[in-house]
1. Can you find, among Thr124, Val99, Thr111, the residue farthest towards the positive end of the dipole of region 88-127? Put +1 on the C-beta of Lys and Arg, -1 on that of Asp and Glu.
2. Could you tell me the relative contact order of the chain? Use alpha-carbon pairs under 8 Å, at least six residues apart, and round to a whole percent.
3. What FRET efficiency, computed as 1/(1 + (r/R0)^6) with R0 = 30 Å and r the Cβ-Cβ distance, is obtained for Glu52 and Lys11, rounded to the nearest 0.05?
4. Might you report the magnitude of the Cβ-based charge dipole of region 5-135 about its Cα centre, with Lys and Arg at +1 and Asp and Glu at -1, to the nearest 20 debye?
5. What are the GluC sites (Glu not before Pro) within region 70-139 that DSSP puts in a loop, where the Cβ has at most 14 other Cβ atoms within 10 Å?
6. Among Arg13, Arg77, Arg36, which comes first, then next, by fewest other beta-carbon atoms within 10 Å?
7. Among the listed pairs Lys67/Lys89; Lys2/Lys117; Lys53/Lys95; Lys95/Lys117; Lys30/Lys95, which have their C-alpha atoms separated by more than 25 angstrom in this model?
8. Taking Lys98 as the anchor, which aspartates and glutamates have their alpha carbon closer than 16 Å to its alpha carbon, excluding any fewer than eight residues away along the same chain?
Amino acid sequence: MKTLVNNTEVKVRFSEVDSLGIVWHGHYVKFFEDGREAFGSEHGLGYMDVYEKGFATPIVKLNVDYKKTVSYGESIRIETTFKPTPAAKIVFDFKIFKVDTDEVVATGSSTQVFMTKAGQLHITNPPFFEEWKTKHGLV
């Protein structure tokens, strides 16, 4: 089975660090979001692509494991990997690296489910998502 991955770089901004000059832990969730958005843009599974098909994909599970600190001005690379599953959900794994040293600074994962625009949980894969997985060799 094929693996779909996106890599995107972000430079740590002043607003993302605490009084010690290191990235505040909550911003790693935003970095994962940056990775999901870049993945969606590259592979045709962006939030608006899903929304235009009548669905939203709220996060129902999120995990972050912190390994090392990152400081103001450093560049990070967010590696976002789609994890295929037969269930009606979208699962991503994340690795965040320091660009200069290629050290892993955080890992994590997120799980999103399909909800209709009316707010109803969709317990089977929407047809457009099955087509997307087939197109990318993920089934």
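1. Thr124
2. Numbers: 264 pairs, mean separation 39.3, N = 139.
Relative contact order for the chain comes out at 28 percent.
3. On the way: r = 31 Å, r/R0 = 1.04.
In this case the efficiency is close to 0.45.
4. Working: 16 positive and 18 negative charges, 72 e Å.
I would put it at about 340 debye.
5. Working: sites: Glu74, Glu79, Glu103, Glu130, Glu131; in loops: Glu74, Glu103.
When the GluC sites (Glu not before Pro) of region 70-139 are filtered for loop state and at most 14 Cβ neighbours within 10 Å, Glu103 remain.
6. Working: Arg13 11, Arg77 16, Arg36 25.
Fewest to most other Cβ atoms nearby, the residues stand as Arg13, Arg77, Arg36.
7. On the way: Lys67/Lys89 27 Å; Lys2/Lys117 31 Å; Lys53/Lys95 29 Å; Lys95/Lys117 31 Å; Lys30/Lys95 13 Å.
Over 25 Å Cα-Cα: Lys67/Lys89; Lys2/Lys117; Lys53/Lys95; Lys95/Lys117.
8. Reachable aspartates and glutamates: Glu9, Glu16, Asp34, Asp65, Glu74, Glu79.
We did not get these values from a lab; they are worked out from the coordinates using the rules stated. Just so it is clear, the model here is predicted, and its values are computed rather than measured. Please note: Cβ atoms are built from the backbone with ideal geometry, for glycine as well, and neighbour counts cover all protein chains shown.
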